[in-house]
Each structure stands twice: as C-alpha cells, then as structure tokens.
1. Would you check which residues across segment 170-185 are under 16 Å from residue 479 (Cβ atoms) and surrounded by fewer than 24 Cβ atoms within 10 Å (Cβ to Cβ) and list them?
2. Considering each of 144, 111 in turn, give the residue that is assigned by TED's automatic domain parsing to the domain that holds residue 407 and closer than 26 Å to residue 168 by Cα.
3. Of the residues 199, 125, only one is more than 20 Å from the chain's Cα centre (by Cα), surrounded by fewer than 19 Cβ atoms within 10 Å (Cβ to Cβ) and without any contact (Cβ under 8 Å) to a residue 12 or more places away in the chain; which?
4. So how many residues does segment 355-398 have that are part of a loop (DSSP other than H, G, I, E, B) and surrounded by fewer than 24 Cβ atoms within 10 Å (Cβ to Cβ)?
5. Show the residue pairs meeting these rules: Cβ distance below 8 Å; 6+ apart or different chains; first residue within segment 443-458 and within 29 Å of residue 193 (Cα to Cα); second residue assigned to a helix (DSSP H, G or I) and modelled with pLDDT of 95 or more.
6. Enumerate the pairs (first residue in segment 353-379 and under 17 Å from residue 405 (Cβ atoms); second residue anywhere and part of a helix (DSSP H, G or I) and modelled with pLDDT of 95 or more) with beta-carbon separation below 7 Å, excluding pairs fewer than 6 apart on the same chain, so at least 6 apart or on different chains.
7. Report whether or not residue 360 is farther than 15 Å from residue 91 by Cα and at pLDDT 95 or above.
8. In the list 167, 194, which residue meets the criterion of being surrounded by fewer than 21 Cβ atoms within 10 Å (Cβ to Cβ), assigned by TED's automatic domain parsing to the domain that holds residue 339 and more than 17 Å from residue 345 (Cα to Cα)?
C-alpha cells in the first residue's frame, strides 16, 4: 500500500520537539520503561549470568524513587481524586476502534481520511462524536474523551498487554502468549493490593478469553508473576442466553453447607502439614483460591450479583437484548455488589473484534457500534441514576487506533500513534475533552498521554499510589507504574 508523506510512519518513532515541549511529562515516562524491559527479559532466562543480571537490575529497581522527580515519587493522596473510585470497569475493545470514526471525527479532512461517517452534536456544547453513537451523544455530560493517547506498538498481542496491564510488553511488536513471568492484569493487581471480603470477588473478567486465531491465550489477561491465587473470576458465558449461570457458585448435588465446611477444615489441616514440611509455596496459590471459593460459595450476595432475572424486563430491554448489552447490565450488578474491578473483553461478543482492515464502515455501522452505543449509554445512565457513577470509574479503550487513511479494501489498519479513550465517573471530569490530535487524527497535537499514564491515573483514582512496588512470589519488587497521573483528568 502506498502512503503519502503525511501518513508515512517514521522509521524510528520519537516525540517531535514540539510534542516534547507541549508535554515534557511524557518523555520521562518513556525513558523509565528501560529498566523494566531489561528486568523482564532476564526473567525469561535461566542462566547463572542472567540471575546475576537480575540481581543488579533488582537493586536498580529499588533505587527508582531516587531517580524519579520528587513530584512523581510522592504517595499522591494529596492530589485531587485519590480513592474516589470504589470500583473500576474496563471495557476492552479488542482489535482497536478507529478514533476518527467514533470520538475524533475530522469533517474537514480529505475524503480518504474523514471517511463516510459524519459528526453529530452531543448534549454538551462544543463536543461532537460519530453519528452512529446517538445514545452516547445524549450522555456526553457524563464522560470525558482523551483524544491524544499514543504509543509505538503496532501488534495486537503486545499492545493489548500494555492496555490491560499498563506496562510496555518486554517484547514489543510481537504476539507472545501469556506466561507466568508477565506483569499482572489490572484485576490481579487490585486483588493483591486491595483485597475485598471473601463474600465478593476481587475482580471479574466477563467475555471470552482472548486469542489470536488458534494461538494460545494472549498475554495481559492473567495474574502473571503474582500467581494463581490472584486470578480474576472469569465468566466466559453469554448472559443473554436463557441458560446463563455461573458454574461454581452453587453447591453440587448432595453437597450441603455442613459438608462443605467439613471439607474446608480438612484442607486446612493438610495445608498445616505442608507448612511444617517447608513446602508452603507449593500450595500457597491453591490456598488463596480455596479461601476465595469458600467465601463465594458461602455468600448469597455474590450469587445474587449474577442473577439478571432480578432485573425488570424494561431495564433489560434498555441495555439491549444482545450479549454486550446484558454484559453491561451484569457489570452494573457487580458494581452494586462492590466488586472492585470488572473487565469486559469484547472479543467476538456481538460480532468480530474491532480489527476493521476490510469493510470498515459496514462493520461499524451494522455490527459493532449499535450494541456498543446501546450498552455503554445504558450503563452510564443507570450508574448515574443509582448514585454510583461518581464512585465508579468506567474506561472504554482498544489497544490502539486505526490509520488516518483508508486502505484499498475500504478499511483502516493498526495505528498506535494517536487514538481516543473514553473515561467516565470515579472523579473524572464530565462533558470534557482532554488533548487533541492533528488535522488527520494521526498524531497528538497537544497533551499526549501514554497507556502507562492512563494506568497511573486509574490506580490513583482507585486509591492505589501508582509508584509503589508490587512483589512477585519470590518477593522481588516491580514498580506498579512508570507513568504519571494525568492531573487534567482528575
């Protein structure tokens, strides 16, 4: 495919001098990735030399607070919005939706850039979004759009890892499957740092496990180096199905609470035996899972959260009688049950993922945008009506955006250089645009935001200081986030 100079990707993608002047905070965030990348490469090695390298890098990691500016190493509770969000909802649009077709239309651009869709006004003066988001256009007073998100990774696998962990992948530009050495997904981190009572899950993932074709599951979806004990509860089934139920949250036939408690006590005695044999690490993850499972089984609160039959028919219709709509309704019920983090994987939920290399406009218009518009608009309105939106952070994002120029198949290809993310609730500003792109939605024009900056902001709003260390199963420290809290989103 031929590109004009306006759309040609530079061989070595760097911030321009203008971008660096506009937001000097982005450049240090990128520089600070290097020790983390080196450290994770060492984890993949089993050589003696590699272990010595890790020791040196571990010492460097411990010294990070001295290397960061003082403004970045403070505990951050003094900043506005710390701990506003009691729950967080991450709607992950796998494949990467086009910024210029949803949130950042360019009606004055050439036809091959602006495409077919027209902007429509919203209920906030001066803010326009894509014409196929009519319901969300009437909820614009509840959300913010960040139009200047940027990074350099063009591959689904490694870019999705970054979107779901807030960390650059140690092998950018690859589709490496999930590994035990991976940085944990957001839900696992919250399970570790902000555990809930055992009567509710720490974190839930709704939707299918994400794969690329027949490959193993993609990185960024699991607990990684924290271990199995911090895995989110996964619900891959369709809540729009009449047969929908959550397996494992009901007693098997013949099982009673008394028998379950007896088995729980028996397992506890076996664990004590392993502790005496100094083999505790062999069963520690299973013990955490057992404790969590016992708490969920013993609680009607967690089981009730998954009962969509408790909702009125009219409200179920409002969310949409399709998989994504009912997933959004289930998400609201989980937020009501005080689940701290809910992730929704849009991977073949209502249609194929958002990877529109071909027939971009028919796919968006007929398959992708109608359920997305209906489900997210209903969620925001419902949360607000119940007084939950101010304490619930909602993020809708892909791993990147789409190319400014349409390709020969009337589609758009991968484009991480500039894309848009929706934020709502949890202390974020309402009816607000942060940052901007250039005239083709190709590069940030001002206030660039990296994915790790979004992660740092999310953690801050959830009451987690983003620059603390999180430790793996061997007590090795890893910096939670090398990003900066975006103060303009607080």
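The values are calculated or read from the model by the stated rules, or taken from the named source; none is laboratory data. Please read these numbers as outputs of a predicted model, since none were measured by experiment. Here Cβ is always computed from backbone atoms with ideal geometry, including for glycine, and neighbour counts include all displayed protein chains.
1. The one that is under 16 Å from residue 479 (Cβ atoms) and surrounded by fewer than 24 Cβ atoms within 10 Å (Cβ to Cβ): 181.
2. 144
3. Checking each option against the conditions leaves just 125.
4. Matching residues across segment 355-398 total 7.
5. Note: pairs meeting the criteria are 451/162; 451/163; 452/162; 455/165; 455/186; 457/489; 458/186.
6. 356/363; 356/364; 364/101
7. So residue 360 fits the description; yes.
8. Step by step, each of 167, 194 is checked, and only 194 is surrounded by fewer than 21 Cβ atoms within 10 Å (Cβ to Cβ), assigned by TED's automatic domain parsing to the domain that holds residue 339 and more than 17 Å from residue 345 (Cα to Cα).
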